[in-house]
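Novice: Dropping the structure in here first, questions after.
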Amino acid sequence: MAGVLDKFKLTGKVAWITGASYGLGLAYAKAYAEAGAKVVFNDINQELVDRGLAEYKKLGIKVYGAVCDVTNEKQVEKFVSDVEKKVGPIDILVNNAGIIKRIPMTEMTLNEWNAVINVDLTGPFICSKAVIPSMIKRGGGKIINACSMMSELGRETVSAYAAAKGGLKMLTKNICSEYGQYNIQCNAIGPGYIATPQTAPLREIQADGSLHPFDRFIRSKTPAQRWGETEDLMGLAVFLASPASDFINGQVVYIDGGILAYIGQDPSNLDASKFAQHKDKETLKKTAAKKTAAVKKTKAAEKKPAAKSTEKKSASKKSAKK
């Protein structure tokens, strides 16, 4: 009889992560490869695909990657057909590809609105539609959508993104409703604010020792009082792709450090010095470097007065002899 940990294995499964050349998609792919899956990915152009292939090679992960626009139904159908021929039928689909345009709604053009809706909502529809028939024939499959806290909350300048992610939450539930009878589970991951190289400038301790205003804002709204790490997402990604989640369907699981459960606190109550010990790798490195530089400067400053003091003593002794 298989043990409980065996239920989390993805050995031999083919996992397609859209837009997985870098970022969270790459993190999901690493987790799936470690769990035994064969990884395939696509991106919008050859430059990004090549970037992804180079990164996977560096990590020692064998992948299949190709150019495919998730908003183009014919390209998606061809990509799925090529994967089936070269790697195998797709067992796991992660609709990770997404974009955001931070523009006030009244200033956003219809083309800008449509660009976000097309990638973030229509793309998952097209990709899911392309893999579901094969999943039905083979007795089941897993679809995981990349939702967001904006699937639940509004915020200024992200009207199209929030609308798309809210729609994706409902598409998740509807795929579950229509295809759960075929042993297809469709769930979603809703990341909170995640520490990545792109967000590093927002997490640097300021010259006066204070937190960056946006960093202070996020920590004040998060019970964990830290940003998430990509590693925080990997366990859930494997769980939702594995047999361990076979009776979980139509759900959005938020990995947000508790933001959605919390009304927040006064940002002025946060003590920047406390966060030198948090699990934010980039900031830890920069803080350590600043501390080392400060210690060296202090030691250098301490040596100078000591030398002057010795000189004064020598001068006093000479005048005493005279």
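Novice: Filter the range 11-25 down to the residues that are under 20 Å from Lys85 (Cα atoms), buried (at least 23 other Cβ atoms within 10 Å of the Cβ) and among the aliphatic types (A, V, I, L, M) and list them by number.
Specialist: Ala15, Ile17
Novice: Please go through the range 74-98 and pick out each residue that is buried (at least 16 other Cβ atoms within 10 Å of the Cβ) and part of a helix (DSSP H, G or I).
Specialist: Gln75, Val76, Phe79, Val80, Val83
Novice: Anything in the range 151-161 that is surrounded by fewer than 21 Cβ atoms within 10 Å (Cβ to Cβ) and either of a type in the set (D, E, K, R) or without any contact (Cβ under 8 Å) to a residue 60 or more places away in the chain (or both)? List them, or say none.
Specialist: Residues satisfying the conditions are Glu152, Gly154, Arg155, Glu156, Thr157, Ser159.
Novice: Being over 19 Å from Leu240 (Cβ atoms), among the acidic types (Asp, Glu), out of contact with any helix residue (DSSP H, G or I) (no Cβ under 6 Å at 6 or more places or on another chain) and outside any strand (DSSP E or B) is the requirement here; does Glu178 meet it?
Specialist: Values: over 19 Å from Leu240 (Cβ atoms): no; among the acidic types (Asp, Glu): yes; out of contact with any helix residue (DSSP H, G or I) (no Cβ under 6 Å at 6 or more places or on another chain): yes; outside any strand (DSSP E or B): yes.
Judged against the criteria, Glu178 is not a match.
Novice: Looking for whichever is touching a strand residue (DSSP E or B) at 6+ places or on another chain (Cβ under 7 Å) and of a type in the set (Val, Ile, Thr) here; the options are Ile99, Ile126, Ile90, Ile117. Which one fits?
Specialist: Ile90
Novice: Looking at the range 176-223, which of the residues that are polar (S, T, N, Q) and over 30 Å from Pro124 (Cβ atoms) is surrounded by the most Cβ atoms within 10 Å (Cβ to Cβ)? Please lay out each step first, then the result.
Specialist: Initial filter on the range 176-223 (polar (S, T, N, Q)): 177, 181, 183, 185, 187, 196, 198-199, 206, 210, 220, 222.
In the following step, the residues that additionally are over 30 Å from Pro124 (Cβ atoms) were identified as 206, 210, 220.
Details: Gln206: 12, Ser210: 14, Ser220: 17.
Checked the range 176-223; the qualifying residue surrounded by the most Cβ atoms within 10 Å (Cβ to Cβ) is Ser220.
Novice: Within the range 99-114, count every residue that is touching a residue at least 40 places away in the same chain (Cβ under 8 Å) and either touching a Leu at 6+ places or on another chain (Cβ under 9 Å) or in a helix (DSSP H, G or I) (or both).
Specialist: Number satisfying all stated conditions: 3.
Novice: Could I ask something else about it? All but one of (1) modelled with pLDDT of 95 or more; (2) under 22 Å from the mean Cα position of the chain (by Cα); (3) surrounded by 14 or more Cβ atoms within 10 Å (Cβ to Cβ); (4) not aliphatic (A, V, I, L, M) hold for Pro243, so report the exception by its number.
Specialist: Of the numbered conditions (1) modelled with pLDDT of 95 or more; (2) under 22 Å from the mean Cα position of the chain (by Cα); (3) surrounded by 14 or more Cβ atoms within 10 Å (Cβ to Cβ); (4) not aliphatic (A, V, I, L, M), the odd one out for Pro243 is (2).
Novice: What residue, of Tyr32, Tyr28, is under 18 Å from the mean Cα position of the chain (by Cα), buried (at least 21 other Cβ atoms within 10 Å of the Cβ), within 23 Å of Thr122 (Cα to Cα) and of a type outside the set (Asp, Glu)? Quick ask: steps written out before the conclusion?
Specialist: On the way: Tyr32 fails: within 23 Å of Thr122 (Cα to Cα).
Only one candidate qualifies: Tyr28.
The values are calculated or read from the model by the stated rules, or taken from the named source; none is laboratory data. None of the values given here were measured: they were computed from a predicted structure. Note that we place each Cβ from the backbone using ideal geometry, even for glycine, and neighbour counts take in every protein chain shown.
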